[in-house]
Every structure is written in C-alpha cells, then in structure tokens.
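Novice: Let me give you the structure first, and then I'll get to my questions.
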Amino acid sequence: MGARGKRHETRRARRASAAVVVGLVVCGSLASAAASTDDDQALPARSATDETAIPNRLPKAERQSLNARFAEVLARELGLLEALDQLDRDVEATTVDIARLGLQRAQATERLHAAEASRKEAEERLGEMRSAVRARLRALLRLGRMPGLQFFWSAKDFGRSVAEDHLLRRLIAGDRERLARYRAQLERLEAVTGDRNTALQQLKDLDTKLHAEQQRLERERHDKQGLLVQIGSDPVYNERARRDLEAAHRALTERIETLKEWRERKYSFSLTRGKLMRPVSYAPVEVGYGMVRHPRFGTVTMHHGLDFVPNVNGRLAVRAIFWARVAFAGWLPGYGETVILDHGRGWHSVYAHLSGIRVRTEDVVRGRERIANVGSTGSIKGRHLYFEIRYNGKPVDPSEWFR
C-alpha cells in the first residue's frame, strides 16, 4: 500500500473512532411516539424513522440550520435525548390537537349543513309567501279598477254602509296578517342566514388552525428526522448521543436502586429462571444482550437488554413476565414511556418504548397481565419493545429466563 493509501486508511480509522454510538442507539432508543394499538391488531408498516430510511447526510444548509437551533442542547447532559423526547411529545400532542380540531371541524361542517338546510327552507317558504302577497296585491289593484267596488263609498242607507265597512275591515285585517307573517319569515331568513355565516366563519377558522397545526407537525417531524440523521452521520452528535445514553443508563440504575422494595410478594422470582414466557408474543429478538457492533462505525458497545420486534402478524400487547408491583410508570429520557416492575428481593424487569400504558405506580399485577402496548417512544427503530431484567440494579441476560 502506498503512502497515499496509508494516509487514507488512517483518516478513515480516526473518523470511525470519533463516531461512537452506544448500544441503545443501535437498538433504537430515540424514536417518535407511537399510538396505542389493541391486542388483536396487526403490526403496521415500519416507521418513517426506521434507520434504513434515514439518509446518509443532510444538505449543508439544513445541517447549519439544525446546528444553530440545537447548539445549546449539545452543551448540557441529556440535552440531546431531552430534545428528541420533547420532539416526540410535541409530535404526539400536535397529533392529538389535529384529531381534536378534526372533530371540531366535522361538527362545524354539520352545523353549516344544518344552517344551509334551514336557510334554504326559509328561502323557499319566503318565496311562497312573496308569491301569495304579490297575487293579493294584483287582486286588490284589479278590484280598485272595477266599477262594482264603488259600493264601498256610495252606500245610501246606514245598514248597508255598516255591512260594507265590516267587509272592508276584514279584507284589510287579512292582508295585514299576511304581511305580518311575511315580515316574520323574512326575519327568520335573516336569522338563519346569520347562523349560516357564523358556522361558515367557524369552519374557516378551524381550517386555518388545522393548517397551522399540520405545518407545525411537519416541522417537528422534520427536526426529529434531522437530529436522527445527525446522530448517524455527525461525530459530534454521535458522541453527544453516546454520553447522553450512558447518563440515561446511570439514571435508570439510580432510580431502580432508590425504589421501595416490594415485600408482599407471593413467589420467589429467582426460582422462575428458564420458565417464563416472553413479554410480547410472536416477536423475535432482533438485538440480544451483550456486546453489539455498530454496522456503520464498527464500534462495539454493551447492550443491556433485548429488543423484541413484532412481525407483521404479531400481537402488540406487552405483558408482565411475573407477579410484581409497579414501581414506576411514566417517561424516562432515552427510554420513552417505561414501566418498571418490582418482583421482590432486588429483582426488577424494565419495559421501554411503550405506548398506551395501562398500569399506575403501586399497582400489583399478575404474570401475563397486559401492562401496555408495543410502541416507539424514544426509539429510532420504529415500533419495538426494549426489555431488561435487573438484580440489585445491575442488568442480567434476560434470555436465560424464558422457555
């Protein structure tokens, strides 16, 4: 190999050593939130944030913009993870807002259709009354031109005069009542027209809000995608992710160590080794416990648990592997929506990247009880379950506990 080739190999080795990624990044610990899915639903297509779908590098302008907006994030511990988690939550919240606005828009559309129908009915009724009034006016004009109408003011005796006056008053009263109904119908038309205009304006306002929320959602997804690309291609972001994930792992260990021990256990968890069922059915283990080599950078890192990725026909329910008390149920940086179960005597199981958590802290769950759904919160791999078993806070190989 010539001197030029040796220099090339040296530069490539330096770039590889600078771009260190921890095992949780390999396994997908930084992803967008996934909606809850029922137990009997099939797994949908892989997320758009799947690692294979991420381009190799952002355009220069986008990289500069992203670096400028997230420069402060890289300066603090867990900053990058917290930024990704916040984007996850923002995407989820914006999706909820869009669904809410969509429902309001459907209701506003129904109100608009009802107002349009009322206005059309009022217009038709007014048209009928207008035709009747016009016909009556034409009839009165014709009567005014008839010689026989002169008897109203040419009566010779008092009795006939009274009778003729009474008839005239009845005619006038009928016309007055007809005109009053016409005016009332005209006012009703104006009122329902106002209702229609109000409903139309509400619909326009909702469309404006909906458009703004959809644009916001696209920006949030774009930022999330950009950060994931940077983590996979930029050594600075890569190193920041590695340090943040190590900090998240330490924080999880500290949290488990400070949890109150469950003393009302019914069975000894240590006796179940090799007898338990997996926490999610029909899901192969994509990444196992132990040292994992990054496919792009060649770095080797420790993976502290198992990644279960359900297949297309797999069920998405996540179940407790054994009797336990729920020691924690909520969001953890780097792990997304997480449940930690306390099985007693220092044994814990960890379920991460969940969606639709069904249990609360202090709940006691039975073995095989459904606790959540497989999700993608805090993962770059799309929908999957990250699972750990720990003894006195230290991870052990979970595969030894399953049949």
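Novice: For segment 60-112, which positions are farther than 16 Å from VAL229 by Cα and of a type in the set (D, E, K, R)?
Specialist: GLU72, ARG76, GLU77, GLU82, ARG89, ASP90, GLU92, ASP97, ARG100, ARG105, GLU110, ARG111
Novice: Quick one: how many residues across segment 382-403 are of a type in the set (Ser, Thr, Tyr) and under 15 Å from THR338 (Cβ atoms)?
Specialist: First pass over segment 382-403, keeping only residues of a type in the set (Ser, Thr, Tyr): 386, 391, 399.
Still in the list and also under 15 Å from THR338 (Cβ atoms): 386.
The number of residues fulfilling the criteria is 1.
Novice: Another one. For the condition touching a Lys or Arg at 6+ places or on another chain (Cβ under 9 Å), in a loop (DSSP other than H, G, I, E, B) and of a type outside the set (Val, Ile, Thr), what is the one hit in GLY378, GLY274, GLY334? First the steps, then the outcome.
Specialist: Numbers: GLY378 fails: touching a Lys or Arg at 6+ places or on another chain (Cβ under 9 Å); GLY334 fails: touching a Lys or Arg at 6+ places or on another chain (Cβ under 9 Å).
Checking each option against the conditions leaves just GLY274.
Novice: Follow-up question, since we're still on this one. Out of segment 339-358, which residues are surrounded by 19 or more Cβ atoms within 10 Å (Cβ to Cβ) and either assigned to a loop (DSSP other than H, G, I, E, B) or in contact with a Ser or Thr (Cβ under 6 Å, 6 or more places away or on another chain) (or both)?
Specialist: Taking segment 339-358 and keeping what is surrounded by 19 or more Cβ atoms within 10 Å (Cβ to Cβ), we get 339-344, 347-357.
Hits for segment 339-358 are LEU341, ALA352, HIS353, SER355, GLY356, ILE357.
Novice: One residue is enough: does segment 224-235 have a residue meeting the conditions surrounded by fewer than 14 Cβ atoms within 10 Å (Cβ to Cβ) and either β-branched (Val, Ile, Thr) or at pLDDT 75 or above (or both)? So that I can check it myself, show each step before the final result.
Specialist: Taking segment 224-235 as the starting set, the residues that turn out to be surrounded by fewer than 14 Cβ atoms within 10 Å (Cβ to Cβ) are none.
No, every residue in segment 224-235 fails to be surrounded by fewer than 14 Cβ atoms within 10 Å (Cβ to Cβ) and either β-branched (Val, Ile, Thr) or at pLDDT 75 or above (or both).
Novice: Moving on. May I ask you to verify whether LYS260 is modelled with pLDDT of 85 or more and more than 32 Å from the chain's Cα centre (by Cα)? Talk me through it step by step, then tell me what you get.
Specialist: Details: modelled with pLDDT of 85 or more: no; more than 32 Å from the chain's Cα centre (by Cα): yes.
Criteria not met by LYS260.
Novice: Another question, if that's okay. Against the conditions (1) crowded, with 16+ Cβ neighbours inside 10 Å; (2) outside any helix (DSSP H, G or I), where does ALA71 fall short? Just the number, please.
Specialist: (1)
Novice: Kindly list the number of the only condition in (1) surrounded by 16 or more Cβ atoms within 10 Å (Cβ to Cβ); (2) at pLDDT below 85; (3) within 19 Å of THR338 (Cβ to Cβ) that fails for PHE308.
Specialist: Failing condition for PHE308: (2).
The values are calculated or read from the model by the stated rules, or taken from the named source; none is laboratory data. The model shown is predicted, which means the values in this text are computed figures rather than measured ones. Reconstructed Cβ throughout: ideal geometry from the backbone, glycine too, with neighbour counts over all protein chains shown.
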